[in-house]
């Protein structure tokens, strides 16, 4: 593949624009830690919404979707489409609560909601556990995708990709802080979308593919286009559709789709001007992320099945790719090598933009944990604002180096997705209920975190997994399990949930003073706080400032209606692409009806809460 002067020009202009943004905002970003990590809490919903979408549009995302489609078909995407329910629950129930909390990071929440030494431990440990361990794993997956793109499209080695992409991104992130991330994300969103849509349009019309009609009817593709897995394959139907929709969305922690909100989504809600802007930003993100953006990637993934039907064909076309990096996810990069001059430069720039957007967000988010929730809490409580910014910039560099080293050891896109999903299994219900059930304490979360991790290690990396659920033993011999394979995830969830519920009831509840302060600040409401409100009245403490009707039931109804609307839009787009216009029209009517109902529910919520 040869890049023309036009391609290089497009790439250079876009990257210079991003770096310029970092330098322009660097002075304001370095003013204090609130500016560096939350841009002064004055961001509008549309900027934050575009930023959320740009952040989750990374180099590894189209690779992951391609890996899923080539292995399990379009319906395999339910493993992440199910997280829409989590996202809308954040929109209509939790966004306003996060903005009211006014914490610097979602880790600070622990010392607002809980008290004493357990709360301090939980805040400090999870700041390293998530900000360092899980964060670098997520960044490693993104960097792995960049390595594959660099090897296939540019002929670069792993070390060259890591060196070039990592250096530019970490320089931008350390200088521009959160404000630089937000402003550049706005530009990078449009670059990334233009690149992905342009690539899909061109590649589906390649002579080898023959257009959408020929693609959908091709023998390599026609069994891959179902939006719902076939019931005839019960194990696949359960593992791909039922488990994600019935269990996974509420039970598992995953970056960008945390039950109850959290991570860099919480960071953006905390940076919003007010509750209304926090809600608007999060809703915009969920619509774009689930309803519209997947289809360009899916189209390219389906077209790749025609051009590169298997891994052997990819290897034959790209013999210089390291054998350890070969996988189905490589097909996306392989397809992009067929783009013409100009569009090729735009797509490469869009992938670079996606990489920078995601990595810069993870660096700033992870660094915020290290600075606010570890360094300031456990190393130097009297640190000046300038010192905190310096530590933030230094930790940004360290996080980049560690994630790059891990990326060099990985093979394919789904590795870390599966690991992160499993390690967070069973913890999600704590994050959902802790706002509305006063009996949950710090020990509940500590138990959920450790039990989930331990059980996941046992079933994934020891002989316990094959013994219970079947699979290859350490000797490479296949072994029948006690349970069917799809029960592995529910088993981790059930075990984790049972353990933290038991610990919740055998450990003391939080002190009234802690619960009073939390309720005053966030006003969660609901029957789970009746005992606390009663205790406050007995002590003549006024907790209830919001006299309106409790809005969570209306919020949950909005979640259900919103889920129908967004999935309806997803299916409408898919059916139009497939040429099934009658079905597309039916889904469009469902989408419009649900959108109308949602608008009315949103007005009711806005009138009462934000």
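The values are calculated or read from the model by the stated rules, or taken from the named source; none is laboratory data. Treat the numbers as computed from the prediction; the structure is a model and nothing was measured. We place every Cβ from the backbone using ideal geometry, glycine too, and count neighbours over all the protein chains shown.
Residues of segment 245-269 being more than 16 Å from residue 431 (Cα to Cα), surrounded by fewer than 22 Cβ atoms within 10 Å (Cβ to Cβ) and within 15 Å of the chain's Cα centre (by Cα), which ones?
none
Of the residues that make up segment 427-449, is at least one buried (at least 21 other Cβ atoms within 10 Å of the Cβ), at pLDDT below 90 and more than 16 Å from residue 496 (Cβ to Cβ)?
No, segment 427-449 has no match at all.
For segment 298-325: of the residues being free of Cβ contacts under 8 Å to residues at least 60 places away in the same chain and surrounded by 17 or more Cβ atoms within 10 Å (Cβ to Cβ), which is farthest from residue 199 (Cα to Cα)? Give the steps one after another, and end with the answer.
Within segment 298-325, the first condition is being free of Cβ contacts under 8 Å to residues at least 60 places away in the same chain, and the residues that meet it are 308, 310-317, 319, 323.
After this cut, where a residue has to be surrounded by 17 or more Cβ atoms within 10 Å (Cβ to Cβ) as well, the list is 308, 314.
Details: 308: 16, 314: 19 Å.
Among those that are free of Cβ contacts under 8 Å to residues at least 60 places away in the same chain and surrounded by 17 or more Cβ atoms within 10 Å (Cβ to Cβ), it is 314.
Can we say residue 106 is in contact with a helix residue (DSSP H, G or I) (Cβ under 6 Å, 6 or more places away or on another chain), assigned to a helix (DSSP H, G or I) and crowded, with 23+ Cβ neighbours inside 10 Å? First the steps, then the outcome.
Working: in contact with a helix residue (DSSP H, G or I) (Cβ under 6 Å, 6 or more places away or on another chain): yes; assigned to a helix (DSSP H, G or I): no; crowded, with 23+ Cβ neighbours inside 10 Å: yes.
In short, no.
Condition first: at pLDDT 80 or above and out of contact with any helix residue (DSSP H, G or I) (no Cβ under 8 Å at 6 or more places or on another chain). Can you find one or more residues in segment 169-190 that meet it?
Yes, some residue in segment 169-190 is at pLDDT 80 or above and out of contact with any helix residue (DSSP H, G or I) (no Cβ under 8 Å at 6 or more places or on another chain).
Find all pairs meeting these conditions: Cβ atoms under 8 angstrom apart; at least six residues apart or on different chains; first residue within segment 204-229 and free of Cβ contacts under 8 Å to residues at least 12 places away in the same chain and at positive phi; second residue outside any loop (DSSP other than H, G, I, E, B) and buried (at least 16 other Cβ atoms within 10 Å of the Cβ).
Between residues of segment 204-229 that are free of Cβ contacts under 8 Å to residues at least 12 places away in the same chain and at positive phi and residues that are outside any loop (DSSP other than H, G, I, E, B) and buried (at least 16 other Cβ atoms within 10 Å of the Cβ), the close pairs are 211/204.
Looking at the structure I just gave you, is residue 161 crowded, with 20+ Cβ neighbours inside 10 Å and touching a residue at least 24 places away in the same chain (Cβ under 8 Å)? Show your work before the answer.
Numbers: crowded, with 20+ Cβ neighbours inside 10 Å: yes; touching a residue at least 24 places away in the same chain (Cβ under 8 Å): no.
No: the conditions fail for residue 161.
May I ask you to list the residues in segment 377-387 that are assigned to a helix (DSSP H, G or I) and either within 21 Å of the chain's Cα centre (by Cα) or at pLDDT 85 or above (or both)?
Residues of segment 377-387 that are assigned to a helix (DSSP H, G or I), as a first pass: 377-379, 385-387.
Those that are assigned to a helix (DSSP H, G or I) and either within 21 Å of the chain's Cα centre (by Cα) or at pLDDT 85 or above (or both): 379, 387.
Could you tell me whether segment 579-597 includes any residue that is in contact (Cβ under 8 Å) with a residue 40 or more places away in the chain, touching a helix residue (DSSP H, G or I) at 6+ places or on another chain (Cβ under 9 Å) and either farther than 19 Å from residue 215 by Cβ or buried (at least 17 other Cβ atoms within 10 Å of the Cβ) (or both)? Break it down into steps so the answer makes sense when it comes.
Step one: of segment 579-597, the residues in contact (Cβ under 8 Å) with a residue 40 or more places away in the chain are 579.
The next check asks that each one be touching a helix residue (DSSP H, G or I) at 6+ places or on another chain (Cβ under 9 Å); those that pass are 579.
Subsequent filtering for residues that are either farther than 19 Å from residue 215 by Cβ or buried (at least 17 other Cβ atoms within 10 Å of the Cβ) (or both) retains none.
Looking through segment 579-597, none of the residues is in contact (Cβ under 8 Å) with a residue 40 or more places away in the chain, touching a helix residue (DSSP H, G or I) at 6+ places or on another chain (Cβ under 9 Å) and either farther than 19 Å from residue 215 by Cβ or buried (at least 17 other Cβ atoms within 10 Å of the Cβ) (or both).
Could you please let me know if residue 144 is within 18 Å of residue 21 (Cα to Cα), at pLDDT 80 or above, part of a helix (DSSP H, G or I) and in contact with a helix residue (DSSP H, G or I) (Cβ under 8 Å, 6 or more places away or on another chain)? Step through it out loud before you land on a result.
On the way: within 18 Å of residue 21 (Cα to Cα): no; at pLDDT 80 or above: yes; part of a helix (DSSP H, G or I): yes; in contact with a helix residue (DSSP H, G or I) (Cβ under 8 Å, 6 or more places away or on another chain): yes.
Judged against the criteria, residue 144 is not a match.
For residues that are out of contact with any helix residue (DSSP H, G or I) (no Cβ under 9 Å at 6 or more places or on another chain) and part of a helix (DSSP H, G or I), scanning just segment 195-233, find the one that is farthest from residue 342 (Cα to Cα).
For segment 195-233, the residue satisfying everything is 217.
Yes or no: segment 367-375 includes at least one residue that is free of Cβ contacts under 8 Å to residues at least 40 places away in the same chain, closer than 30 Å to residue 390 by Cβ and either out of contact with any helix residue (DSSP H, G or I) (no Cβ under 8 Å at 6 or more places or on another chain) or not in a loop (DSSP other than H, G, I, E, B) (or both).
Yes, that holds for at least one residue.
Being closer than 14 Å to residue 60 by Cβ and more than 19 Å from the chain's Cα centre (by Cα) is the filter; apply it to segment 136-158 and report the residue that is surrounded by the fewest Cβ atoms within 10 Å (Cβ to Cβ).
Per the criteria, the residue is 150.
If you scan segment 313-330, which residues turn out to be modelled with pLDDT under 90 and in a helix (DSSP H, G or I)? Before you say what the answer is, go through the steps one by one.
Narrowing segment 313-330 to residues modelled with pLDDT under 90: 314-330.
Of everything in segment 313-330, those that are modelled with pLDDT under 90 and in a helix (DSSP H, G or I) turn out to be 314, 315, 316, 317, 323, 324, 325, 330.
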